[in-house]
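Read through the structure below, which is laid out as structure tokens, and then see the notes.
Taken together, the values in this text are just the output of simple stated rules run on the coordinates, not laboratory data. As the structure is a computational prediction, the values presented were derived from the model and not from experiment. Reconstructed Cβ throughout: ideal geometry from the backbone, glycine too, with neighbour counts over all protein chains shown.
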Amino acid sequence: MFIIFIAHVPHNPWKAWIPAAFGPSDATELFVFCSGMASAMAFGSLFRDRSFFLGTARTAYRVWQVYWAHVCLFAVMVTMIAIFDQMHGDDFYSTRLYTRPIFDDTARHLIGFMTLQYVPNYFDILPMYMVILMMMPVVMALSRISRWAVFAFIGGVWFLTQFDILQLGAEVREGNDREWFFNPFGWQIIFFLGFSFVMGWIKPPPRSWWLVLAAAVIVGLGVLTASRYGWGNFDWVIPFRRANRWLFWKTDLGIFRIVHFLAVCYLAWFVVGEGGKRLAMSGIPGRIVDVIRKVGQQSLAVFVSGMVLSQFMGAALDQTAERGPVALAWANLTGCAILIGIAYLVGWYKSEPWRREVVVPAKRVAEPRAEPRSEARGGEATSAEVRTLEPRTKGRAAV
């Protein structure tokens, strides 16, 4: 979430140090992969342990939530950049964010947006996620046949996208055939890889130094072919990329992006240990891990907030004389701190503290005074009087 925020702050030099600057895969693959794992935990068990109907209903409810998050994100962003344009005196911000069509032809583009026919580039992650979620019941139905049926399906769908057979239009303007920047039929393979690991359809790879070496070689090739360290220092890189663009496609998720991402995942998994046991640290490092985990647990709320916050911080930086190191540090670190606060706030709301039972401490009841035995009762104490007098008698004996 922090990387996605930093990556979306306009003209942010800090982007030179995020993973996308060192290879073809980036935070998007990680986001989609982790979403697949989380979906397996949240929805996969319903399909497997309860019923196909309940799993489908729960998935549909999540699609409904994501859809309205997408709508609210767009409404807030368009309102914010309209304010920025008025302050700037032109259409600078709406043009920079590729949302100018909604201002120039509002009715057509508003209808197109609500029906997912108009998908601006900045607002394409959540629509992709929705389509992939809608594929989940199909995958779970195939899993009843065989896991190989699942792999054939997700692999076949991905393969068709590489030839532009499966794609979705992102424009309602005539003569413009722009497709969704993130083609869900290509990106679903990363999602369902994460999903398959949690469902147990794919077993974790062995911990082998040979695999570590192979993964390191792949990551090194990524640095050479997809970073400024390769583009500027080796003459063969640009011609190689032009001749093999299909390897690096982001829209349809080229094969080298997948292989590179899996290599990075393997190295990370090897470092942290099985089940992330090396992340179980104490002290400050442990607290940092807990904070990162909390932010990841509230991914939807933090993601939506980060998309808004990144543009706000970009506009704030535009007001500075120059984007010096102090201003950049303020924008990036403050934004990350706000996202942490949002994660904890949303987590608190989700815990529904108002539903917890309030434990009222028992009031101290004054000890009744021992009454003399009633002569009317023949000098014998009642059972209630005996219970009252016993503690006092024991107390005096102890003294």
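For this structure, a couple of remarks:
- Packing order of peptides 252-260, 105-113, highest average first: 252-260, 105-113 (average count of other Cβ atoms within 10 Å over each peptide's residues).
- Charges were assigned to the Cβ only: +1 to each Lys and Arg, -1 to each Asp and Glu. The resulting dipole of the chain about its Cα centre is roughly 1660 debye.
- The chymotrypsin sites (Phe, Trp or Tyr not before Pro) of region 124-190 that meet both conditions, a loop assignment by DSSP and at most 11 other Cβ atoms within 10 Å of the site Cβ, are F163.
- Across all C-alpha atoms in region 26-203, the radius of gyration and Dmax reach 18.3, 61 Å.
- The relative contact order of region 26-203 comes to 33 percent, based on Cα pairs under 8 Å that sit 6 or more residues apart.
- Mean shadow area of the chain, taken as a quarter of the surface of its Cα convex hull (nm²): 35.6 nm²
- Likely footprinting exposure, E274, E171, fewest C-beta neighbours within 10 Å first: E274, E171
- A simple count of charges around F103, restricted to other residues whose Cβ falls under 10 Å of its Cβ and scoring Lys, Arg +1 and Asp, Glu -1, yields -3.
- Net charge, D164 excluded, C-beta distance under 15 Å - Lys, Arg +1, Asp, Glu -1: 0
- Counting only DSSP H runs of at least 4 residues, each contributing -39500 (n - 2.57), and dividing by the residue count of the chain, the helix-based mean residue ellipticity at 222 nm comes to -20500 deg cm²/dmol.
- For I340, the shell of other residues with beta-carbons less than 13 Å away shows a net charge of +2, using +1 for Lys and Arg and -1 for Asp and Glu.
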